[in-house]
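These notes are about the structure you will find just below.
The values are calculated or read from the model by the stated rules, or taken from the named source; none is laboratory data. Just so you know, these numbers come straight off a predicted model, no measurement behind them. Note that each Cβ is placed from the backbone with ideal geometry, even for glycine, and that neighbours are counted across all protein chains shown.
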Amino acid sequence: MLLFVCVVVCLEAYAPKIVASEFDRSLLTVAQVGEGNIVYSYDGEAISPWHDVPFSVDGFLCFVCEIPLGTTAKMEIHKSHAFNPVIQDRHKDGSLRYYEYGRSIVNYGAIAQTWEDPLTPDPDTGLGGDNDPIDVLQLNAKPCPRGAVQRVRVLGALALIDGGETDWKLLVVDVDDLSDPGVLWRDVADVPVHRVHAVREWFRLYKTAEGKTENNYAFGGIAVNATHATRVADLMHVHWRTFVDGRTSCSFNKVACWVGGAHQQKSEGRNDDGSDAELSKTTWYSLCSKTSWYRGLKVLKVPEVPEELRPGSLDSEGFGLEVELKPTLVR
Ligand SMILES: *[C@@H]1O[C@H](CO)[C@@H](O)[C@H](O)[C@H]1NC(C)=O
């Protein structure tokens, strides 16, 4: 009897707060709070971009933008904070992490509802995963607004090996950016060769700027095709399911990865700093790019808009950031 109760309670399946087939992007809110942390809600309810944003919608995967093209702040989905906000990574001494190698040459982020399981050897590399949602290199010419959720097409993937761990880099394009030539790409074979080469070299070398060794690739650094890469993403979605259902565990810096739901601790606030309270009294801004996917995506601006998201700002390498930031009071 006890065993039966435990099986029912301990293995209760995680129910994401958004049902993929009913996903209405106009209900998704992306907000920037505190020192630039990005938090999410759906239909007024706090959600996790990792666990509640669907893995796929309309046959495309859901990409969460963490490090826009041309920027250096190492933003990522935080695995153990409540509701998994996107926040800037820190060094062991507490200082904020930036790419030291240079500005990002891709829109970098992750696919929702995926996890590279450290304990399951990858079928292609024989090595366990890096304990993160699967990484994504989105190849559009326009920077993605930080925190935005986009529908992307998988074109291929690079099997990066970092310190004995598998760290797949999915190559994708935003299917809603109709002005980008990439919207016609169906496979990595359609991407200009020099672009794939530049990306491969960047991710092979970027840690050398921090005094670390070069990364390696399986398959001799040749990108696997769209079919193969899609299979990889599907497998990482299965690994995520195994962990959120409590059949395996995930931790980050010795703290359990946060998952909402019955088998995990209830979380009252949304962030360590109690930023939930701030949400209700701040001004809502609308961050609208020309692509339809962002329409209805609301960004809450608290103290200031990051330099690189200011309209018309250009960085030293001449990347133009065509993000239109329109202050629109919605509440
Ligand atoms: C994709 O790559 C796999 C090997 O991983 C191969 O078997 C398959 O034929 C390729 N598909 C296409 C459409 O090229």
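Mind checking which residues of the range 73-115 are among the small types (Gly, Ala, Ser) and not in a loop (DSSP other than H, G, I, E, B)?
Residues of the range 73-115 among the small types (Gly, Ala, Ser): 73, 80, 82, 94-95, 102, 104, 109-110, 112.
Of everything in the range 73-115, those that are among the small types (Gly, Ala, Ser) and not in a loop (DSSP other than H, G, I, E, B) turn out to be Ala73, Gly109, Ala110.
Has the range 144-165 got at least one residue that is acidic (Asp, Glu), touching a strand residue (DSSP E or B) at 6+ places or on another chain (Cβ under 9 Å) and either over 30 Å from Ala31 (Cα atoms) or not in a loop (DSSP other than H, G, I, E, B) (or both)?
So far as the range 144-165 goes, yes, one or more of its residues are acidic (Asp, Glu), touching a strand residue (DSSP E or B) at 6+ places or on another chain (Cβ under 9 Å) and either over 30 Å from Ala31 (Cα atoms) or not in a loop (DSSP other than H, G, I, E, B) (or both).
Suppose we filter the range 150-179 for residues that are surrounded by fewer than 24 Cβ atoms within 10 Å (Cβ to Cβ), closer than 28 Å to Tyr42 by Cβ and hydrophobic (A, V, I, L, M, F, W, C); how many remain?
2
Taking only the range 101-158 into account, find how many residues are in contact with a Gly (Cβ under 6 Å, 6 or more places away or on another chain) and more than 30 Å from Lys254 (Cα to Cα).
Here the count works out to 4.
What are the residues in the range 180-209 that are outside any helix (DSSP H, G or I), more than 16 Å from the ligand (Cβ to nearest atom) and surrounded by 13 or more Cβ atoms within 10 Å (Cβ to Cβ), if any?
Here is the first cut: in the range 180-209, the residues outside any helix (DSSP H, G or I) are 180, 185-187, 191-192.
Subsequent filtering for residues that are more than 16 Å from the ligand (Cβ to nearest atom) retains 180, 192.
Matches in the range 180-209: Asp180 only.
Taking into account only those residues within the range 221-238 that are part of a loop (DSSP other than H, G, I, E, B) and surrounded by fewer than 21 Cβ atoms within 10 Å (Cβ to Cβ), which is farthest from the ligand (Cβ to nearest atom)? Give the derivation first.
In the first step, residues of the range 221-238 are kept if they are part of a loop (DSSP other than H, G, I, E, B); the result is 222-223, 225.
Of the ones still in play, those that are also surrounded by fewer than 21 Cβ atoms within 10 Å (Cβ to Cβ) are 222, 225.
Details: Ile222: 10, Asn225: 4 Å.
Among those that are part of a loop (DSSP other than H, G, I, E, B) and surrounded by fewer than 21 Cβ atoms within 10 Å (Cβ to Cβ), it is Ile222.
Could you tell me which residue of the range 210-220 is surrounded by the most Cβ atoms within 10 Å (Cβ to Cβ), considering only residues that are within 16 Å of the ligand (Cβ to nearest atom) and part of a helix (DSSP H, G or I)? Give the steps one after another, and end with the answer.
Step one: of the range 210-220, the residues within 16 Å of the ligand (Cβ to nearest atom) are 217-220.
Subset that is part of a helix (DSSP H, G or I): 218-220.
Numbers: Ala218: 18, Phe219: 13, Gly220: 7.
Only one residue tops the list, namely Ala218.
Quick one: which of Gly126, Gly94, Gly102 is at pLDDT below 95 and not polar (S, T, N, Q)? Steps first, answer last, please.
Details: Gly126 fails: at pLDDT below 95; Gly102 fails: at pLDDT below 95.
One residue alone meets the criteria, Gly94.
Could you look through the range 79-94, keep only residues that are closer than 24 Å to Arg204 by Cα and free of Cβ contacts under 8 Å to residues at least 12 places away in the same chain, and pick out the one that is nearest to the chain's Cα centre (by Cα)?
Arg90
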